[in-house]
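**Q** Dumping the structure here so I can ask a few things about it.
The values are calculated or read from the model by the stated rules, or taken from the named source; none is laboratory data. Since the structure is predicted, the reported quantities are computational estimates derived from the model, not experimental observations. Cβ sites come from the backbone with ideal geometry, for glycine too, and all protein chains shown count toward neighbours. For accessibility, only protein heavy atoms count, side chains too; no ligands or nucleic acids. Shrake-Rupley method; radii C 1.70, N 1.55, O 1.52, S 1.80 Å.
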Amino acid sequence: MHQEQIDSLREMAIISPQMIIGGRGVAAISGAVLDVVSPINGQVIAQLPNAGVCDVDAAVKAARTAFESGAWSKATPAARKTVLLKWAGLIESNALELAVLGVRDNGTEISMAFKAEPMSAAGTVRYYAEAIDKVYGEIAPTGLDTLALIHREPVGVVGAIVPWNFPMMIAAWKIAPALATGNSVVLKPSEMASLSVLRMIALAHEAGLPDGVLNVVTGGAVTGQAIARSMDVDALVFTGSVNVGRSLMQDAAQTNLKRVFLELGGKSPHIVFDDTTDLDAAAASVVGGIFRNAGQVCVAGSRLLVQRDIHDIFVDKIIELTSKMRVGDPLQLDTQIGALNSKVHLDRVLAMLDGVSSIAYGGKQILADTGGFYMQPTVVTQMDLGDKLVREEVFGPILTVTPFMDEADAIRQANSSELGLSAGVWTSNLGLAHRMIAAIRAGVVHVNTYGGVDNTVPLGGFKQSGNGHDKSLHALDKFINKKTAWIKL
Ligand code: NAD
């Protein structure tokens, strides 16, 4: 990836984006559209169909028809695998174009987006494509006079609603295992980041996915709610905020009791013990763990807990590294922190700092003359457990720092949140590391590193961070019904 290649794509015309229903590109039936504002410079770069209930109904119908036709749901695993592998290849061969389009839409720095978006999505599609003809059914250990088989069947029509921070990666976490297991899908990307997802789904059709198997509707809350309230969606998979997750469960409860799997927010502690041998590595990990993608990362290590006797020296290191981070145009290869996703979001993040007196670094909007939505990476010290900044997910470039006394205090503070997505622990004591892994209530606990990614491991939240898992073979379970066949011999 070279700067010249990126520059040649940054102004590329975006020809009226369309939804994909039944394999065809369509506008909203009402003709309604939403402006797509680029966080790079605040300019309108496209208009997106704003789907209403009728459009969602049409997409669900197309998905159901495709499912019942058996063209995909009854295709052999090997046949499904061939199409999915071809799709993964097409995503890879179009990766830079997809990445630049996505960055223009959501503001993530390209150095991160290229790997975390198209390349990650391609890897996920390939992982599930490769998995699907290696997963077997079961024979249950019943008595000798019966044969009990446990079949794995697709659930049917899957609704998937995803956020804007990593639109292609997260969409792939949902779509790839759903398709691999034979389901049909209605996907709704965020209205704040749909462009790259629409292009990625068009590539699935180029790869030979039958029409109607994978449908995309665009729009906001109304569109998402229509999926959640559909009587003909069998399972709903969601990544986004806690409040929307809560409302989706209510929608399911009030309609057809579709199964709902939620991947929600985080307020993740990054804990540094005083026996850490390489404090410089720990500091770099803490800074990278909160500020990449301007802190708009579900697993962002937004709460630094540092042992009291190394507090001052460690905070100095953090501030030094933070002050050197390059914030700016996300389409520059050397940018380390891109733009916040929207003006509304930037204002919300800045407002979280109102009345906070202990800002040790940053705290201000910058580069306003570009028209884009940029903010300094921000470090806030002298925080208490009760402070709003320590309790609530910011989803922006703000790191809070609180000191802790000892192991018990670290555990108490780490677990004080209602969220439990991720955590990091730095120590040279193996026993302590294992005790922390056991004690922290979070879906992933990193030791002497932060933010490791691989398709082989599940990502899911404890507490109000969610009730499901993306990634790994475990994610397949969300998309299958287990059926027992009980046969008298
Ligand atoms: P959001 O909840 O505002 O929106 C997520 C999606 O839901 C969007 O597509 C949106 O249009 C749709 N939506 C909004 N209101 C809806 C409604 N009433 N009914 C149905 N759909 C609705 O979240 P966001 O701002 O896009 O993303 C940020 C949040 O996502 C953060 O809380 C972050 O932590 C979380 N997140 C979690 C993970 C994870 O793996 N756990 C990963 C990434 C982001």
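**Q** For residues in the range 437-486 being within 21 Å of ARG391 (Cβ to Cβ) and among the charged types (D, E, K, R), which is nearest to the chain's Cα centre (by Cα)?
**A** Checking each candidate, the answer is LYS463.
**Q** So, of the residues in the range 154-165 that are farther than 14 Å from PHE238 by Cβ and open to solvent by 10 Å² or more (accessible area, probe 1.4 Å), which turns out to be farthest from the ligand (Cβ to nearest atom)?
**A** Checking each candidate, the answer is PRO154.
**Q** Please specify each residue of the range 455-487 satisfying the condition of being in contact (Cβ under 8 Å) with a residue 24 or more places away in the chain, open to solvent by less than 70 Å² (accessible area, probe 1.4 Å) and within 15 Å of GLY182 (Cα to Cα).
**A** Within the range 455-487, ALA475, LEU476, LYS478, PHE479, ILE480, ASN481 qualify.
**Q** Only one residue in SER93, SER16 is hydroxyl-bearing (Ser, Thr, Tyr), in the same structural domain as GLY156 (by TED's automatic domain parsing) and touching a residue at least 24 places away in the same chain (Cβ under 8 Å). Which one?
**A** SER16
**Q** Does the range 33-49 hold any residues that are in contact with a strand residue (DSSP E or B) (Cβ under 7 Å, 6 or more places away or on another chain) and either hydrophobic (A, V, I, L, M, F, W, C) or more than 30 Å from LEU367 (Cβ to Cβ) (or both), and which are they?
**A** Answer for the range 33-49, where residues must be in contact with a strand residue (DSSP E or B) (Cβ under 7 Å, 6 or more places away or on another chain) and either hydrophobic (A, V, I, L, M, F, W, C) or more than 30 Å from LEU367 (Cβ to Cβ) (or both): VAL33, LEU34, VAL36, VAL37, VAL44, ILE45, ALA46, LEU48, PRO49.
**Q** List every residue pair whose Cβ atoms sit under 9 Å apart, with the two residues 6 or more apart in sequence or on different chains, where the first one lies in the range 141-154 and is of a type in the set (Asp, Glu) and the second, anywhere, is open to solvent by 70 Å² or more (accessible area, probe 1.4 Å) and in a loop (DSSP other than H, G, I, E, B).
**A** Close Cβ pairs satisfying both conditions: ASP145/LEU489.
**Q** What residue, among those in the range 218-244 that are among the aliphatic types (A, V, I, L, M) and part of a loop (DSSP other than H, G, I, E, B), is nearest to the ligand (Cβ to nearest atom)?
**A** Ranking the qualifying residues of the range 218-244, first place goes to VAL233.
**Q** Could you list, in sequence order, the residues of the range 401-425 that are more than 23 Å from the chain's Cα centre (by Cα) and open to solvent by 20 Å² or more (accessible area, probe 1.4 Å)?
**A** Hits for the range 401-425 are PRO403, MET405, ASP406, GLU407, ALA408, ASP409, ILE411, ARG412, SER416.
**Q** Name the residue, out of VAL222, VAL244, that is surrounded by fewer than 15 Cβ atoms within 10 Å (Cβ to Cβ) and among the aliphatic types (A, V, I, L, M).
**A** The conditions single out VAL222.
**Q** Looking only at the range 267-299, count every residue that is open to solvent by 10 Å² or more (accessible area, probe 1.4 Å) and either within 16 Å of the ligand (Cβ to nearest atom) or within 17 Å of the chain's Cα centre (by Cα) (or both) and tell me the total.
**A** 5
**Q** Exactly one of these conditions fails for ASN429: (1) open to solvent by less than 30 Å² (accessible area, probe 1.4 Å); (2) farther than 22 Å from GLU263 by Cβ. Give me its number.
**A** (1)
**Q** Please go through the range 130-157 and give me each residue that is among the charged types (D, E, K, R), closer than 24 Å to SER69 by Cα and in a loop (DSSP other than H, G, I, E, B), ordered by number.
**A** ASP133
**Q** While we're on this one: Based on this model, can you work out whether TYR361 counts as crowded, with 23+ Cβ neighbours inside 10 Å and either in the same structural domain as LEU331 (by TED's automatic domain parsing) or in contact with a Cys (Cβ under 7 Å, 6 or more places away or on another chain) (or both)?
**A** So TYR361 fails the test.
**Q** Out of (1) farther than 27 Å from MET112 by Cβ; (2) open to solvent by less than 30 Å² (accessible area, probe 1.4 Å); (3) polar (S, T, N, Q), what's the single condition that is false for THR378?
**A** Of (1) farther than 27 Å from MET112 by Cβ; (2) open to solvent by less than 30 Å² (accessible area, probe 1.4 Å); (3) polar (S, T, N, Q), only one is false for THR378: (1).
**Q** Quick test of your reading of the structure: LEU257 fulfils all but one of (1) open to solvent by 10 Å² or more (accessible area, probe 1.4 Å); (2) over 17 Å from GLY156 (Cβ atoms). Name the failing condition by number.
**A** Single failed check for LEU257: (2).
**Q** Okay, moving on. Which pairs turn up if I take residues in the range 239-253 that are closer than 15 Å to LYS463 by Cβ and look for partners that are in a helix (DSSP H, G or I) with beta carbon separation below 7 Å, at least 6 apart in sequence or on another chain?
**A** Here the result reads none, with nothing in the range 239-253 linked to a residue that is in a helix (DSSP H, G or I).
**Q** For GLY266, only one of the following conditions fails: (1) in contact with a Gly (Cβ under 6 Å, 6 or more places away or on another chain); (2) closer than 22 Å to GLY396 by Cβ. What is its number?
**A** (1)
**Q** Output the number of residues of the range 109-142 satisfying the condition of being open to solvent by less than 40 Å² (accessible area, probe 1.4 Å) and not charged (D, E, K, R).
**A** 16
**Q** When you go through VAL315, VAL299 one by one, which is the residue that is assigned to a loop (DSSP other than H, G, I, E, B) and of a type in the set (Val, Ile, Thr)?
**A** Every option except VAL299 fails the conditions.
**Q** Could you check the range 1-108 for helices (runs of 4 or more DSSP H) lying wholly inside it with 3 or more residues that are surrounded by fewer than 16 Cβ atoms within 10 Å (Cβ to Cβ)?
**A** Fully inside the range 1-108 and qualifying: 3-9, 53-69, 77-93.
**Q** Return the only residue of SER73, SER69, SER8 being touching a Pro at 6+ places or on another chain (Cβ under 6 Å) and at pLDDT 95 or above.
**A** SER73
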